[in-house]
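Structure first, then comments.
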Amino acid sequence: MEQYTAWKAMIIAGEPASTWQKFYVYFYQAFLENDRWQQYLNGVVTTLYVTALALLLGIVLGIIVAVVRTAHDQQLPGRHNPFLGVLNAILKIYVTVIRGTPMMVQLLIMGFVVFASSRNYVMVGALTLGINSGAYTAEIIRGGLMAVDQGQMEAGRSLGLNYADTMRFIIVPQAIKAILPALGNEFIVLLKDTSLISVIGGKELLYAARGVVSRTYEAMYPFLGAAFIYLVLVMLFTWLLGIFERRLRASDRR
């Protein structure tokens with residue numbers, strides 16, 4: 001601590017300092033001084049919490065939208081359900097609007113217009129990210145469902161299964177294996193997009209790094225530290241996804 005104080009005073013005074021001395025001072029004040037590492041840790045916890053909530057909401061919305069739109073597209077000629085048609089049109093508008101507008105704009109609208117009176121910025125951010133992810137997840141799942149041969153559905157129905165059971169036991173298991181890489185990529189993008197909720201006051205990892213910058217007036221180490229943490233989280237997520245994919249491939253060979 002005494003060494004840090006002396007070297008910091010030397011740097012502030014403009015005296016010549018070695019590369020190691022500068023690194024030590026900037027690293028110490030960015031992560032260790034006043035236990036600032038706890039701010040990053042709290043930010044990581046919030047980031048993972050928001051990711052989990054948004055992921056759950058995105059999957060639920062994605063499955064609902066994909067199943068409804070797939071059911072509409074796979075109706076037999078001359079046997080169109082009017083209610084299904086209206087619902088499909090509404091969901092199509094939802095997907096188009098969400099995919100056609102920037103995430104940042106959606107967060108600002110939700111944070112400062114729709115939920116302007118709320119101070120729970122983390123939940124507002126998680127809700128917005130989940131709604132956004134749901135639109136992209138829906139298209140990924142729908143593409144996987146539509147890619148399964150139509151004969152699989154007909155075979156299931158001929159065995160006496162209803163539409164829901166045919167989707168559950170025959171279509172969905174085949175579609176999951178095809179769409180898993182794309183879903184994994186969407187989840188990784190979602191994890192990184194949690195950094196955007198800082199614009200509405202969400203106290204996640206980037207918010208913590210910006211708070212340290214405002215106190216130390218030195219941006220490189222806090223932002224590099226945040227970037228490194230995001231990289232580690234993404235690599236961990238990718239590793240877990242790879243394990244899941246290998247288990248699915250192993251089950252196919254049995």
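The values are calculated or read from the model by the stated rules, or taken from the named source; none is laboratory data. The model shown is predicted, which means the values in this text are computed figures rather than measured ones. Cβ: placed from backbone, ideal geometry, glycine included. Neighbour counts: every protein chain shown.
Among residues of the stretch 232-254 that are within 21 Å of K192 (Cα to Cα), those with a Cβ under 6 angstrom from a residue that is of a type in the set (V, I, T) and modelled with pLDDT of 85 or more, sequence gap 6+ or separate chain, pair up as V234/I188; F237/I188.
Using the structure shown, decide if V65 is surrounded by 15 or more Cβ atoms within 10 Å (Cβ to Cβ), touching an Asp or Glu at 6+ places or on another chain (Cβ under 7 Å), of a type in the set (A, V, I, L, M) and farther than 30 Å from R215 by Cβ. Criteria not met by V65. Filtering E139, E154 for residues that are modelled with pLDDT of 90 or more and closer than 30 Å to H72 by Cα leaves a single hit, E139. Summed over the stretch 47-63, the residues that are out of contact with any helix residue (DSSP H, G or I) (no Cβ under 6 Å at 6 or more places or on another chain) and either without any contact (Cβ under 8 Å) to a residue 60 or more places away in the chain or not hydrophobic (A, V, I, L, M, F, W, C) (or both) give a count of 2. Is it the case that Q38 is surrounded by fewer than 17 Cβ atoms within 10 Å (Cβ to Cβ) and closer than 30 Å to Q150 by Cα? No. Can you find a residue in the stretch 98-106 that is farther than 22 Å from M153 by Cβ, free of Cβ contacts under 8 Å to residues at least 24 places away in the same chain and in a helix (DSSP H, G or I)? Checked against the condition, which is being farther than 22 Å from M153 by Cβ, free of Cβ contacts under 8 Å to residues at least 24 places away in the same chain and in a helix (DSSP H, G or I), the stretch 98-106 yields at least one hit.
Screening E218 on (1) in a helix (DSSP H, G or I); (2) at pLDDT below 95; (3) surrounded by 11 or more Cβ atoms within 10 Å (Cβ to Cβ) shows it passes everything except condition (1). Exactly one residue out of V95, V67 is closer than 17 Å to T137 by Cα and at pLDDT below 90: that is V67.
Applying the set (1) under 31 Å from the mean Cα position of the chain (by Cα); (2) surrounded by 12 or more Cβ atoms within 10 Å (Cβ to Cβ) to K8 leaves exactly one unmet item: (1). Output the residue which, of all residues in the stretch 109-136 that are free of Cβ contacts under 8 Å to residues at least 40 places away in the same chain and more than 16 Å from Y207 (Cβ to Cβ), is surrounded by the most Cβ atoms within 10 Å (Cβ to Cβ). For the stretch 109-136, the residue satisfying everything is F115.
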